[in-house]
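Reviewing the structure listed below.
The values are calculated or read from the model by the stated rules, or taken from the named source; none is laboratory data. Note that the structure is predicted; figures quoted are calculated from it, not measured. As a convention, Cβ positions derive from the backbone with ideal geometry for all residues, glycine included, and neighbour counts pool all protein chains shown.
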């Protein structure tokens, strides 16, 4: 690492206020996770280091980004996380430029403020942790609250995942004790409620005037709009496609060195900033790249040892009750109650069928844009039982087919379906994008949207003959 970035990180993490703030957070957890340039330079092919919390100093001394698991060790609270960020599937490096970053946050500011308005409408208490590409909205509920039990009622855990939650693997910190059944259900329901809030966000944002508004979608799916065909604001709910024990969250106030890890050393290192209510994103960006300003900001605005995430049990109870009465809940119940049919539907078009070719299924069946296209196409031509069957078969015939090389254990790359859950993942993707179509918020099926704009949803891919 160059001297400028090394000294920036060292100065930040050696400040007693910052170090103490992150250490206080760690006391809720059994272990901590770090990732960063220092590990890459030591030759780590998978630059992620996991240690017990009493060794947190190792991660800080190495100058790593700090993460914690979603589950607290005492189980008194559940943290509910909403990750919202800019994406650009055509130019993933676009964000790694400070001028571009400022422009991106101008585009995103309106929908991000709508997010806060939505949360306030349900009386959900929250804090906003600003990253270099978006925000993490943090809130929590008590596990003894009515909200916890109402969420558990709305949640579902498939048998394949239920078995993983009950399995103890002594040598793995993530799975050294069974997960209480209701925790898995609450985690699943949280994803559904955030899906519900995302639909509200999309509708409110779309109703605003302005021809070139940045599109809002779920999990990095380009909407092929005139102004922003391959970029947008993603309500990234991907974590809810996976077991809770496989997910973690970035510590409040952590270093954020994605720029230098991607080779943009000149851009420098960012610092996640917990935004004060009413604070502009422009002001946040002024602080994010300046170690002295960031340290002074935390000392002035968060003088205690710990940044407290407010208990929002009452607000989340309002949200789950509203969800339970919504049209989206009706669609979710249709999806959940549908028995997968035995029908083998005709994909018709190469842009659909090509996703199921053995030679290209990995990685095409992991790409959210393709999964949305599949869900909307089959949802347009077949009933929900058939759509559910298509996604069940993606898990059974593709994700669980080790010959397709989903995971490289030597380099720790890809996705290890022995730890994740294939059926839960495909059930999530099918439900998300089928429901968007059913609620009138989809991108378009039967290649209509592709024909309309004359471009493929996947950059660099030629239009199939049916779309031309």
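In segment 1-22, the qualifying residues are those that are assigned to a loop (DSSP other than H, G, I, E, B) and more than 16 Å from residue 297 (Cα to Cα), and the one that is modelled with the lowest pLDDT is 1. There is at least one residue in segment 264-273 that is closer than 18 Å to residue 81 by Cα and at pLDDT 95 or above. Would you call residue 366 under 25 Å from the mean Cα position of the chain (by Cα) and over 14 Å from residue 429 (Cβ atoms)? When the stated conditions are applied, residue 366 does not pass them.
Here the condition is being modelled with pLDDT under 95 and more than 27 Å from residue 66 (Cα to Cα); of 221, 156, it holds for 221 alone.
For segment 142-187, the set of residues classified as closer than 30 Å to residue 310 by Cα and in a loop (DSSP other than H, G, I, E, B) consists of 143, 144, 145, 155, 156, 157, 176, 177, 178, 179, 180, listed by residue number. Of all the listed residues (125, 92), the sole one being in contact with a strand residue (DSSP E or B) (Cβ under 9 Å, 6 or more places away or on another chain), surrounded by fewer than 21 Cβ atoms within 10 Å (Cβ to Cβ) and part of a loop (DSSP other than H, G, I, E, B) is 125. Could you tell me whether any residue of segment 52-73 is outside any strand (DSSP E or B), in contact with a strand residue (DSSP E or B) (Cβ under 9 Å, 6 or more places away or on another chain), surrounded by 17 or more Cβ atoms within 10 Å (Cβ to Cβ) and modelled with pLDDT under 95? Yes, segment 52-73 has at least one match.
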